[in-house]
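The next block holds one structure in the form of structure tokens; read it before the comments.
The values are calculated or read from the model by the stated rules, or taken from the named source; none is laboratory data. Owing to the predicted nature of the structure, the values given are computational and were not obtained by experimental measurement. So basically every Cβ, Gly included, is an ideal-geometry build from the backbone, and we count neighbours across all protein chains shown.
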Amino acid sequence: MYYISTRNKGARVTGPQAVVAGLAPDGGLYVPETFPEVGEADMRAMADMSYPERAAFIVGLYLPELKDVLLPSAEKAYGRFEDDPAPVVQVDEDTYFLELWHGPTHAFKDMALTLLPYLLTESKRYLGDKEGTLILVATSGDTGKAALEGFRDVPGTEVTVFYPSDGVSAMQKLQMMTQTGGNVRVAAIRGNFDDAQTAVKNAFASPELSAALKKRGLAFSSANSINWGRLVPQIAYYFSAYLDIVNAGKMKMGDKLNFAVPTGNFGNILAAYYASRMGLPVGRLICASNRNNVLTDFFRGGEYDSRREFYKTMSPSMDILVSSNLERLLFEISGRDDALTAQRMRALKETGTYTVTARERAALSELFWAGYADEETSAEALGNLFEEYGYIADPHTSVAAAVFDGYVSETGDDTPTVIVSTASPYKFARDVLKCLGETVPDDDFKALKKLEDVTALPVPDSLSSLQTAPRRFTAVIDKTEIFDFILSEEKQ
Ligand SMILES: *Cc1c(COP(=O)(O)O)cnc(C)c1O
């Protein structure tokens, strides 16, 4: 199994090399040379497996070099979750929620970031690579904490996280400020997520910075979904959800299933696309955006145009104007044209926009449907879910639920649909209370308690205990200062 860059098909690497590198040297993203097929016999075998076994099976198709260590790694990674790591909850005859937030940091990023440290460490071992790894992360809120938790005190790794100073929820910020571990550092960056992401991409691309780190025995890697090792564990839960629904007798093997995905950087929904390329019977992939609806316009009109106002919303992990992983989809729909993909990414960087052909757009709309929900519509959907089904969603998941409603009204499609539920409502307790029409306490921890009273869903201990945890990382820096921050060896 080999991987190629979306911007240069000529340079092939193995899976372990792709995981260790994160980003290709030409700035492109690694993609598998071919997609492994999951046939009917595989599906039947997987139907009887536990979640860690399913994950090890899917990841093993892409990283056969690590086959022997994948199951024990997945068991350790998903052993950190409460009970079932990816439960499917049915709310009406044809609508399900796939809850991906039962891990240590209560967002779906844990599905990949609890496993990635094993994939990285084992890839380095396989390659005989003794260099240390500095994981650099730009986060819109949830990736940062999940990366810190996943890599905390993992030998041979260090983690540095940058988050936008006022673009994350109070709980997300506290989770990162209070992070423990001897190999972790966190700073807030003045600006929005795109500023943080661009600054981190520039750090990756800087030869001077790499050289300075090399002297210390460190090489960069990424825990953002540009890293193949981050994406591949995400493919597994789409298979798992499908099989759970079949196992429950609600659907026959081979029937189509839709997925509605609250989307930001396009990693989660891309994993669903890869699952469909591997043979999972997917009907439509519903790409849900918040008011930052650049993807909706792209899927509908064929132009990706990031030159627009940036809005802060109650779904901060989707407040993104440049969705990095779309590059991988562009590569596929262009017929794997690396030169064209590189040209489009250059245009995006230089002018903020690029356009796909009418034919490409038509090909995309066979599988994808895109829509967005503004704050009001999303709040309404959150309230309705609770009222109608007693289901309590976070403000990202409610965007997907609202967009799914729009999809059904527009298309009349009655295919069973899984709405991907990406965070615990407790990460956004104040906004959730507001959407439910409750008065909102000023204090964030009182808000947790109140949400518990209203919904009877227990507050996770790891969130309520933040109230008394020492605030360890309080630095706020300009994006121009991030190279210095990375190089300074000062530990808080
Ligand atoms: C990261 C995140 C998203 C967006 O996922 P992408 O893979 O970036 O598209 C949606 N919801 C939550 C809660 C997230 O943390």
By my count, strands (runs of 3 or more DSSP E) wholly in region 1-58 with at least 2 residues that are under 19 Å from Gly267 (Cβ atoms) are 2-5, 30-32
Out of (1) more than 30 Å from Lys9 (Cα to Cα); (2) in contact with a Gly (Cβ under 6 Å, 6 or more places away or on another chain), the one Arg361 does not meet is (1)
Exactly one of Ala469, Ala456 is surrounded by fewer than 18 Cβ atoms within 10 Å (Cβ to Cβ), free of Cβ contacts under 8 Å to residues at least 40 places away in the same chain and hydrophobic (A, V, I, L, M, F, W, C), and that one is Ala456
#### Entry: Selection status of Asp166, surrounded by fewer than 19 Cβ atoms within 10 Å (Cβ to Cβ), part of a loop (DSSP other than H, G, I, E, B) and out of contact with any Gly (no Cβ under 8 Å at 6 or more places or on another chain)
yes
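Quick check on region 369-386. Is at least one of its residues of a type in the set (Ser, Thr, Tyr) and free of Cβ contacts under 8 Å to residues at least 12 places away in the same chain?
Narrowing region 369-386 to residues of a type in the set (Ser, Thr, Tyr): 372, 377-378.
From the residues that got through so far, the ones that are free of Cβ contacts under 8 Å to residues at least 12 places away in the same chain too are none.
No: region 369-386 contains no residue that is of a type in the set (Ser, Thr, Tyr) and free of Cβ contacts under 8 Å to residues at least 12 places away in the same chain.
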Scanning region 172-195 residue by residue, those hydrophobic (A, V, I, L, M, F, W, C) and at pLDDT 90 or above turn out to be Leu174, Met176, Met177, Val184, Val186, Ala187, Ala188, Ile189
Note: among Gly390, Gly335, Gly371, Gly383, just one is in contact with a Phe, Trp or Tyr (Cβ under 7 Å, 6 or more places away or on another chain) and small (Gly, Ala, Ser), namely Gly371
Cβ pairs under 7 Å, 6+ apart or interchain, first in region 313-327 and without any contact (Cβ under 8 Å) to a residue 24 or more places away in the chain, second part of a loop (DSSP other than H, G, I, E, B), ordered by first then second residue, are none
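Please find, among Leu148, Leu218, the residue that is within 16 Å of the ligand (Cβ to nearest atom), touching a strand residue (DSSP E or B) at 6+ places or on another chain (Cβ under 7 Å) and touching a residue at least 12 places away in the same chain (Cβ under 8 Å).
On the way: Leu218 fails: within 16 Å of the ligand (Cβ to nearest atom).
Answer to the check: Leu148.
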Gly79 fails exactly one of (1) more than 17 Å from Val232 (Cα to Cα); (2) free of Cβ contacts under 8 Å to residues at least 60 places away in the same chain; (3) crowded, with 18+ Cβ neighbours inside 10 Å, namely (3)
Scanning region 399-435 for residues that are free of Cβ contacts under 8 Å to residues at least 60 places away in the same chain, crowded, with 20+ Cβ neighbours inside 10 Å and either closer than 20 Å to Asp94 by Cβ or away from the ligand (no atom under 16 Å from the Cβ) (or both) gives Leu433
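Considering each of Ala56, Ala45 in turn, give the residue that is buried (at least 19 other Cβ atoms within 10 Å of the Cβ), of a type in the set (Gly, Ala, Ser) and modelled with pLDDT of 95 or more. Spell out the reasoning first.
Numbers: Ala45 fails: buried (at least 19 other Cβ atoms within 10 Å of the Cβ).
None of the others qualify; the one that does is Ala56.
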Within region 1-42, the count of residues that are over 22 Å from Ala342 (Cβ atoms), of a type in the set (Val, Ile, Thr) and crowded, with 22+ Cβ neighbours inside 10 Å comes to 2
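Ser315 - would you say it is at pLDDT below 95, crowded, with 23+ Cβ neighbours inside 10 Å and under 30 Å from Ser424 (Cα atoms)? Break it down into steps so the answer makes sense when it comes.
Details: at pLDDT below 95: no; crowded, with 23+ Cβ neighbours inside 10 Å: yes; under 30 Å from Ser424 (Cα atoms): yes.
No, not satisfied.
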Here the residues within region 246-270 that are surrounded by fewer than 24 Cβ atoms within 10 Å (Cβ to Cβ) and small (Gly, Ala, Ser) are Ala248, Gly249, Gly254
